[in-house]
Structure formats: C-alpha cells, structure tokens
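> One structure is given below, represented as structure tokens, and several questions about it will come after.
The values are calculated or read from the model by the stated rules, or taken from the named source; none is laboratory data. Predicted model, so just to flag it, every value in this text is computed and none were measured. Cβ: placed from backbone, ideal geometry, glycine included. Neighbour counts: every protein chain shown. The protein model used for the area step is the full one, side chains on, heavy atoms only, and it has no ligands, DNA or RNA in it. Shrake-Rupley method; radii C 1.70, N 1.55, O 1.52, S 1.80 Å.
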Amino acid sequence: QVQLVESGGGLKQPGGSLRLSCAASGSIFGTYTMNWYRQATGKERELIATRHSGGTTTYADSVKGRFTISRVNAQNTVYLQMNALKPEATAVYYCRLQQGGDDYWGQGTQVIVSS
C-alpha cells in the first residue's frame with residue numbers, strides 16, 4: 001500500500017503563489033508517475049500536471065507556464081509550484097500516484113484564490 005498526504009493549500013490573492021506538496025510513503029518501488037488534479041465545486045476533476053516515471057512533465061493548457069511539477073526522489077515527495085494564481089484555480093487539489101497497475105490518491109488540499 002501507498003499513502004499520499006497533500007499539504008500546502010490555503011487562501012491566496014490573485015497573482016500570488018503557492019507550493020503544494022504530496023508526500024508518498026509505503027510500498028514505493030522507485031519508478032512511478034505522479035499527477036496533480038484539481039476539482040472545483042460543481043465541476044469534474046481535472047488533470048493539471050503529470051511527472052512521468054521517466055522524468056518528463058506535461059501540463060494542462062490552463063496552467064502551462066505558471067505551474068511546475070517537480071519531485072525530490074530521496075523524499076518521495078512531489079511538489080506543485082503554482083504562480084500567477086487566478087480565481088479559477090480555486091479547487092481541491094489531489095495527487096495521484098501510478099505504480100505498475102496500482103493507483104493511489106491523496107485526500108486533497110483546498111486552495112482558494114480570492115481578493
């Protein structure tokens with residue numbers, strides 16, 4: 001089993017920055033893909049960033065150029081640096097780890113972007 005714990009959410013003004021963390025623990029075997037999703041109230045969960053097991057990253061168009069996903073291997077922690085935040089970034093943010101055929105989700109962290 002793998003446990004994921006997100007942190008770093010909070011309230012920010014538009015234009016501000018936040019860094020979310022996703023700490024993974026448990027049966028991790030080194031190579032895995034980590035994703036960040038977000039879900040706004042009344043909307044479907046949206047994939048916004050992926051760090052593939054080979055190290056490449058992909059982003060949704062809505063966050064490209066402003067959000068950065070990165071990983072600290074030794075800590076099995078993945079970050080989502082969010083810059084130039086917009087009100088539409090208000091959502092619960094989730095990380096998802098894919099390892100082999102297994103799939104794990106964190107509990108989510110709330111981000112509110114408002115003046």
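> Would you check which residues across region 80-101 are small (Gly, Ala, Ser), open to solvent by 20 Å² or more (accessible area, probe 1.4 Å) and on the phi < 0 side of the Ramachandran plot and list them?
Scanning region 80-101 gives a single hit, Gly101.
> Residue under question is Arg71, and the condition is that it be assigned to a strand (DSSP E or B) and modelled with pLDDT under 95; does it hold?
yes
> Among the candidates Arg71, Arg51, Arg38, Arg66, which residue alone is free of Cβ contacts under 8 Å to residues at least 24 places away in the same chain and either surrounded by 14 or more Cβ atoms within 10 Å (Cβ to Cβ) or among the aliphatic types (A, V, I, L, M) (or both)?
The match here is Arg66.
> One residue is enough: does region 37-45 have a residue meeting the conditions under 16 Å from Val5 (Cα atoms), touching a strand residue (DSSP E or B) at 6+ places or on another chain (Cβ under 8 Å) and not hydroxyl-bearing (Ser, Thr, Tyr)?
Within region 37-45, one or more residues are under 16 Å from Val5 (Cα atoms), touching a strand residue (DSSP E or B) at 6+ places or on another chain (Cβ under 8 Å) and not hydroxyl-bearing (Ser, Thr, Tyr).
> Something else about it: Go through the residues of region 24-34 one by one and say whether even a single one is within 14 Å of the chain's Cα centre (by Cα), among the small types (Gly, Ala, Ser) and at pLDDT below 95.
Yes, region 24-34 contains at least one residue that is within 14 Å of the chain's Cα centre (by Cα), among the small types (Gly, Ala, Ser) and at pLDDT below 95.
> Take Thr56 and decide whether it is more than 15 Å from Cys95 (Cα to Cα), open to solvent by 30 Å² or more (accessible area, probe 1.4 Å) and without any contact (Cβ under 8 Å) to a residue 24 or more places away in the chain.
Numbers: more than 15 Å from Cys95 (Cα to Cα): yes; open to solvent by 30 Å² or more (accessible area, probe 1.4 Å): yes; without any contact (Cβ under 8 Å) to a residue 24 or more places away in the chain: yes.
The answer is yes for Thr56.
> Scan region 12-28 residue by residue and report those that are open to solvent by 40 Å² or more (accessible area, probe 1.4 Å) and either part of a loop (DSSP other than H, G, I, E, B) or under 13 Å from Tyr93 (Cα atoms) (or both).
Answer for region 12-28, where residues must be open to solvent by 40 Å² or more (accessible area, probe 1.4 Å) and either part of a loop (DSSP other than H, G, I, E, B) or under 13 Å from Tyr93 (Cα atoms) (or both): Gln13, Pro14, Gly15, Ser17, Arg19, Ser27.
> Still on this structure: Checking the condition in contact (Cβ under 8 Å) with a residue 24 or more places away in the chain, open to solvent by 70 Å² or more (accessible area, probe 1.4 Å), hydroxyl-bearing (Ser, Thr, Tyr) and within 24 Å of Val2 (Cα to Cα), which residue from Thr109, Thr77, Thr31 passes?
Testing whether each residue is in contact (Cβ under 8 Å) with a residue 24 or more places away in the chain, open to solvent by 70 Å² or more (accessible area, probe 1.4 Å), hydroxyl-bearing (Ser, Thr, Tyr) and within 24 Å of Val2 (Cα to Cα) leaves just Thr31.
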